[in-house]
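Taken together, the values in this text are just the output of simple stated rules run on the coordinates, not laboratory data. For clarity, every value in this text was computed on a predicted model and none was experimentally measured. Don't worry about glycine lacking a Cβ; one is built from the backbone with ideal geometry, like all the others, and counts go over all protein chains shown.
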Amino acid sequence: MSKKYEAAAAEILAAIGGAENVNAARHCQTRLRFVLKDQGKVDRKTLEAIPAVLKVIPTEGMYQVVIGTDVASCYEEIVKLLPESIGQDKGGEEGPKQKVSPVTAVIDFISGTFQPVIPALSGAGMLKALMALLVVFKVIDTSTQTYYIINFFADAVFYFLPILLAFCQAQKMKCNPVLAAAVAGIMMHTSWTALVAAGEPVFFFNIIPFTLVNYTSTVIPIILVIFVQAYVEKFLNRVIPKAVNLVFVPMLTFLIMGTLALSALGPIGNIIGQYPVADTHLPLPTIVRG
């Protein structure tokens, strides 16, 4: 599928100074994103003249090449021409780091965290729209099991959004995405939601108070939690001997981050995110056969 971009990939790499000028490469929905060692080596006129390139957007710390919705196919060919560590955006030899403004860093962080989730959100939104049309044209009724099932098909993305964001943010911050998703799972576990529903004070070791907050469908709490987890995990990997690293890093990560998430970081994120928003959930029906 990506074969038609073989020539374009080679031309793009040559125009940005060659593979040796690339520190990292990735893509979003429409753009190739390059972190370059020296942006001065880019031949912008040649780059813009490549037929596959729609637009070139140089920014501080990153060079963006707009390809369009077929960007993934072009990226596949770009990766083949780069060292594996660079093509997968895992670091490698990065050379001198470029200074990046706080605004650019924030935009890059938000883009790297949310862009991978967009297809799932788009699919869920379209499924909601389809469900509404089926109701309007009387194909299904809001009281049927079919309506109920399609509704939770779409709601799953929103309900488990913290887990999806945790995984993507961990990849962006170069910590373990599976551990991050597991920590999000701690915050959404049915045992915790049962404690929240009960409404009685919760204390960890009879000392640390846990604030009763339901974290399903939330965004800011998990972003704060994984931001801290990235540094906690890296610290643990640095101080714990490699021989027992596999066992004790995950155990301590769960213990430390579970405690911080439910006692401090999650509640803080919940306060920050408490603005009036529309409920994404359509009303659930009284189920009847059909």
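What residue, among those in the range 203-223 that are β-branched (Val, Ile, Thr) and in contact (Cβ under 8 Å) with a residue 60 or more places away in the chain, is farthest from Ser263 (Cα to Cα)?
By that ranking, first place goes to Ile223.
Name the single residue, out of those in the range 264-276 being more than 21 Å from the chain's Cα centre (by Cα) and among the hydrophobic types (A, V, I, L, M, F, W, C), that is farthest from Phe205 (Cα to Cα).
Ile271
Leu179 is checked against (1) surrounded by 18 or more Cβ atoms within 10 Å (Cβ to Cβ); (2) within 21 Å of Ile271 (Cα to Cα) and fails just one. What number does that condition carry?
Failing condition for Leu179: (2).
Tally up the residues in the range 202-237 that are more than 19 Å from the chain's Cα centre (by Cα) and part of a loop (DSSP other than H, G, I, E, B), please.
Within the range 202-237, residues that are more than 19 Å from the chain's Cα centre (by Cα) and part of a loop (DSSP other than H, G, I, E, B) number 7.
Across the range 1-36, what is the total count of residues that are in contact (Cβ under 8 Å) with a residue 60 or more places away in the chain, under 21 Å from Asp108 (Cα atoms) and not in a strand (DSSP E or B)?
2
On the given criteria, is Ala261 over 21 Å from the mean Cα position of the chain (by Cα) and of a type in the set (A, V, I, L, M)?
Judged against the criteria, Ala261 is not a match.
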